[in-house]
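The values are calculated or read from the model by the stated rules, or taken from the named source; none is laboratory data. No experiment lies behind these values; they were computed from the predicted model shown. Because the Cβ atoms are built from the backbone with ideal geometry, glycine has one as well, and the counts that use them run over all protein chains shown. Please note that ligands, DNA and RNA were not included when accessible areas were found on the heavy atoms of the full protein model with its side chains. Shrake-Rupley method; radii C 1.70, N 1.55, O 1.52, S 1.80 Å.
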Amino acid sequence: MEFNVKKLASDAGVFFSRAMQFTEEKLGQAEKTELDAHFENLLARADCTKNWTEKILRQTEVLLQPNPSARVEEFLYEKLDRKVPSRVTNGELLAQYMTEAANDFGPGTPYGKTLIKVGETQRRLGAAEREFIRSASISFLTPLRNFLEGDWRTISKERRILQNRRLDLDACKARLKKAKAAEAKAAAVPDFQETRPRNYVLSASASALWSDEVEKAEHELRLTQTEFDRQAEVTRLLLEGISSTHVNHLRCLHEFVESQTNYYAQCYQFMLDLQKQLGRFSGTFVGNAESASPAAATSSPAVAAATLPAVPTIPVVPTIVGVPNTVAEGVLNPNEVKPPASGTRRARVLYDYEAADSTELALLADEMITVYSLPGMDPDWLIGERGNQKGKVPVTYLELLS
């Protein structure tokens, strides 16, 4: 117990002496051993890497898990070294609600069928999101955390040791400087007219004592300088390893981008498939909605025209007597479709579209086509022409030009 008290008192004395020395350096009242410019650049680069890694890590965690409560829960499980329980994504929860609603409304009704279709897509989106979060956590977040909790802690520890070695070195330099000044003062030839012989003897004895003190201070300075140089080299090697950290983080960043690209590509494909599925039987839903509101059909045309907003119109091909309505029958023969006499409209394609059958026209993004409508045609579709090619095209893929 006595040893521990003495050690505690010694450590406290060293701490306060270093604190005073550090304060004097900040105030410009004590000399400070400066590091070379290359070493200072390495320190600044390491600090910059640490700061930006922390910010990128935090914001990526927010991107993958926007719920702060869930992030705190995951942090606690990680610190307790326990497996994080599986959590249902928002898409999967929405899919569950849509499926239950479809069962209540009737899975055979148009609304119920659509809910089931959309719910299945939301479930697939939720599963893709879960896989993206998992892969991003492994390939990107884990390496960043390992750097901050591993390499950076080691660098910080060695930097603190280097700081203490520098303070010890500066303290030895100050001690040697004071000893040499005292030795020079004691070795000065006294003035016998002002100095008593007894004081001259004491001065000679003090000079010998200060000479011993100078030798001890020089020996301590050499030892301290050696320890400082050794610690500076260790810290320099760790700081130069930041370049390898950047290379590793660059590789992890490429993997993160690849995971994100695959995730959004899957989401786009899922929604594209859903849009095509809904487009197949959207006409049934429109007819069902129209039949469910007979009051609107019996209102006067003048009142209806006054209440409807003005929207751009699509030229419509008039129905020819004796020619079967191919659209109403669900079969489109491009050779039988003719542009309306009233004219057509130009449209710009927003996205690529792959034709599902021979009645549809495949589209390429940013191309220009001619469009018009047919009587009784599903309002979500138009007839598109590109040169000699003709077929149905979805309205949502087009930007109608005036």
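Some notes on this structure:
- Diffusion of the range 344-401 by Stokes-Einstein, at 4 °C in a medium of 1.567 mPa s and with Rh set to the Kirkwood radius over alpha-carbon pairs, works out to 117 µm²/s.
- Accessible area per residue was computed with a 1.4 Å probe on protein heavy atoms; Cys48 scores about 60 Å².
- In this structure the range 344-401 gives 47 Å² per residue of accessible area when probed at 1.4 Å with all protein chains present.
- For the listed residue pairs Lys117/Lys392; Lys113/Lys338; Lys157/Lys180, the alpha carbons are over 30 angstrom apart in Lys113/Lys338; Lys157/Lys180.
- Portion, in percent, of the accessible area of the range 344-401 that falls on carbon or sulfur, probe 1.4 Å: 49 percent
- Residues of type aspartates and glutamates that Lys50 reaches as a straight line, Cα spacing below 17 Å, ignoring anything fewer than 8 places off in the same chain: Glu40, Glu61, Glu149, Asp151, Glu158, Glu240
- Highest mean packing comes first when the peptides 370-378, 353-361 are listed by Cβ atoms within 10 Å, giving 370-378, 353-361.
- The lysines within cross-link reach of Lys185, meaning a Cα-to-Cα straight distance under 17 Å and a gap of 8 or more places when in the same chain, are Lys177.
- Using the Karplus relation 6.51 cos²θ - 1.76 cosθ + 1.60 with θ = phi - 60°, the per-residue 3J(HN,Hα) values for the range 141-148 come to 5, 4, x, 5, 5, 4, 5, 5 Hz, with x marking Gly and Pro.
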